[in-house]
Amino acid sequence: MHRRPRRNRKSQAIRNMIEETRLSVKDFIFPLFLVDGVNQKIEVSSMPGIYRLSLDLMLKEIEECMNLGICAFDIFPAYPDARKDKYATESYNPETFYLKAIHSIKSTFPEAVVMTDVAMDPYSSDGHDGLVQDGKILNDETLEILGKMSLAQAQAGADILGPSDMMDGRVGYIRSVLDEHGYTDVSIMSYTAKYASAFYGPFRDALDSAPKMGDKKTYQMDPANYYEALIEADLDTEEGADFLMVKPALAYLDVIRLLKDNSNLPIAAYNVSGEYAMIKASAERGWIDGERAMLESLLSIKRAGANVILSYFAKEFGLLEKK
Ligand code: PBG
């Protein structure tokens, strides 16, 4: 035997030398859940270690993360039912706590990257990402609402908008609205291949945003489909997206690789709530080593081709790296 791959595994120093993929805190965007009020810190029961925070505590959290080197945050709002309606009107009310918080985060930490979520579900009494009429999700009528929401978020100071709604044509529509109003510098990270997944459950608990009726299969992609992600990627690219995202991440590593190999845009992957919860729950029972499982999953997402990882593990990873 002249070839023995084990020679390159014989010590930690050699293993370090030939490591093909390395995670860094700079790879991450940390999703955070915002609630109205002061001094609010409510743990999401299906996501141990993850809280809904009021702005005052969120600013502290962001500061701690920035000290760990994490500098990008995706902020999601949790609204009470009383503020929801059919048209998600609250989403572009300039006085709403979400938009005021975005403004305050950006003014407190100008160097942070603040990403916002564009979709109707946190504000919709129907719990859908689009406008519901007679049991159907209307596409083009939804675009107008997304346009208003996007403009309001850009005005509040968002650096990156994340349309997570999966309506057709929304990237182009949002790009036009932003450009017409002079927000040519605001980026769009499109949820390009967002699948109708069971792994969003804990997130919907966090925001109380589960659909009141039906499911999201007429707009989110079928988990059976791979090549269809290329159709979405082509459209988002033509429409002016700055990043393409695949979501969830772990069950869709093949799709991450597909987009990476077929696009020159940076690829993001969303390591979603259910993926976080699975690891946390089994680690709590002592069935797996939570820390190693976390690192292995994050590494796999990067190895598959993701340039950016949205993950609830971001801070835990940062703390570990600091040690
Ligand atoms: C909805 C949205 C969802 C997530 C991000 N934006 C849930 C959904 O589509 O129902 C899920 C994120 C996660 O599970 O961590 N616009």
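The values are calculated or read from the model by the stated rules, or taken from the named source; none is laboratory data. Here the structure is a predicted model, which means the values were calculated and not measured. Cβ placement follows ideal geometry from the backbone for every residue including glycine, while neighbour counts extend to all protein chains displayed.
Listed values, structure above:
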{"item": "Qualifying residue in the stretch 21-30 (condition: crowded, with 17+ Cβ neighbours inside 10 Å, assigned to a helix (DSSP H, G or I) and in contact (Cβ under 8 Å) with a residue 40 or more places away in the chain)", "result": "yes"}
{"item": "Residues that are within 16 Å of the ligand (Cβ to nearest atom), outside any helix (DSSP H, G or I) and among the hydrophobic types (A, V, I, L, M, F, W, C), drawn from the stretch 242-274", "result": "243, 244, 245, 246, 249, 268, 269, 272"}
{"item": "Filter pass, residue 297 being within 16 Å of the ligand (Cβ to nearest atom), more than 14 Å from residue 49 (Cβ to Cβ) and at pLDDT 95 or above", "result": "yes"}
{"item": "Criterion violated by residue 126 - all others in (1) in contact with a strand residue (DSSP E or B) (Cβ under 8 Å, 6 or more places away or on another chain); (2) within 20 Å of residue 73 (Cβ to Cβ) satisfied", "result": "(2)"}
{"item": "Residue 126 in contact with a Lys or Arg (Cβ under 6 Å, 6 or more places away or on another chain) and under 21 Å from residue 216 (Cα atoms)", "result": "yes"}
{"item": "Total residues in the stretch 184-208, condition within 14 Å of residue 242 (Cα to Cα) and either touching a residue at least 60 places away in the same chain (Cβ under 8 Å) or assigned to a loop (DSSP other than H, G, I, E, B) (or both)", "result": "6"}
{"item": "Residues (farther than 16 Å from residue 31 by Cβ and either of a type in the set (A, V, I, L, M, F, W, C) or out of contact with any strand residue (DSSP E or B) (no Cβ under 9 Å at 6 or more places or on another chain) (or both)) located in the stretch 182-207", "result": "182, 183, 184, 185, 186, 188, 193, 196, 198"}
{"item": "Residue match in the stretch 165-187 (condition: among the polar types (S, T, N, Q), more than 30 Å from residue 42 (Cβ to Cβ), within 16 Å of the ligand (Cβ to nearest atom) and surrounded by 14 or more Cβ atoms within 10 Å (Cβ to Cβ))", "result": "no"}
{"item": "Residue tally, condition surrounded by 24 or more Cβ atoms within 10 Å (Cβ to Cβ) and part of a helix (DSSP H, G or I), over the stretch 146-164", "result": "4"}
{"item": "Every residue from the stretch 211-233 that is surrounded by fewer than 13 Cβ atoms within 10 Å (Cβ to Cβ) and either within 16 Å of the ligand (Cβ to nearest atom) or of a type in the set (A, V, I, L, M, F, W, C) (or both)", "result": "212, 213, 215, 217, 222, 224"}
{"item": "Members of the stretch 300-323 that are farther than 19 Å from residue 51 by Cα and within 16 Å of the ligand (Cβ to nearest atom)", "result": "301, 306, 308, 309"}
{"item": "Residue in the stretch 303-319 that is within 22 Å of residue 186 (Cα to Cα) and either modelled with pLDDT under 95 or assigned to a loop (DSSP other than H, G, I, E, B) (or both) present", "result": "yes"}
{"item": "Count of the stretch 82-124 residues which are among the hydrophobic types (A, V, I, L, M, F, W, C) and in a loop (DSSP other than H, G, I, E, B)", "result": "5"}
{"item": "Those residues of the stretch 45-60 which are in contact with a strand residue (DSSP E or B) (Cβ under 6 Å, 6 or more places away or on another chain) and charged (D, E, K, R), in sequence order", "result": "52"}
{"item": "Residue 142, sole failed condition from (1) within 19 Å of residue 115 (Cα to Cα); (2) of a type outside the set (A, V, I, L, M); (3) surrounded by 22 or more Cβ atoms within 10 Å (Cβ to Cβ)", "result": "(1)"}
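Matching residues to (1) aromatic (Phe, Trp, Tyr); (2) in contact (Cβ under 8 Å) with a residue 24 or more places away in the chain; (3) closer than 20 Å to residue 211 by Cβ; (4) crowded, with 21+ Cβ neighbours inside 10 Å:
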site: 44; (1), (2), (3), (4): no, yes, yes, yes
site: 58; (1), (2), (3), (4): no, yes, no, yes
site: 70; (1), (2), (3), (4): no, yes, no, yes
site: 92; (1), (2), (3), (4): yes, yes, no, no
site: 95; (1), (2), (3), (4): no, no, no, no
site: 111; (1), (2), (3), (4): no, yes, no, no
site: 115; (1), (2), (3), (4): no, yes, no, yes
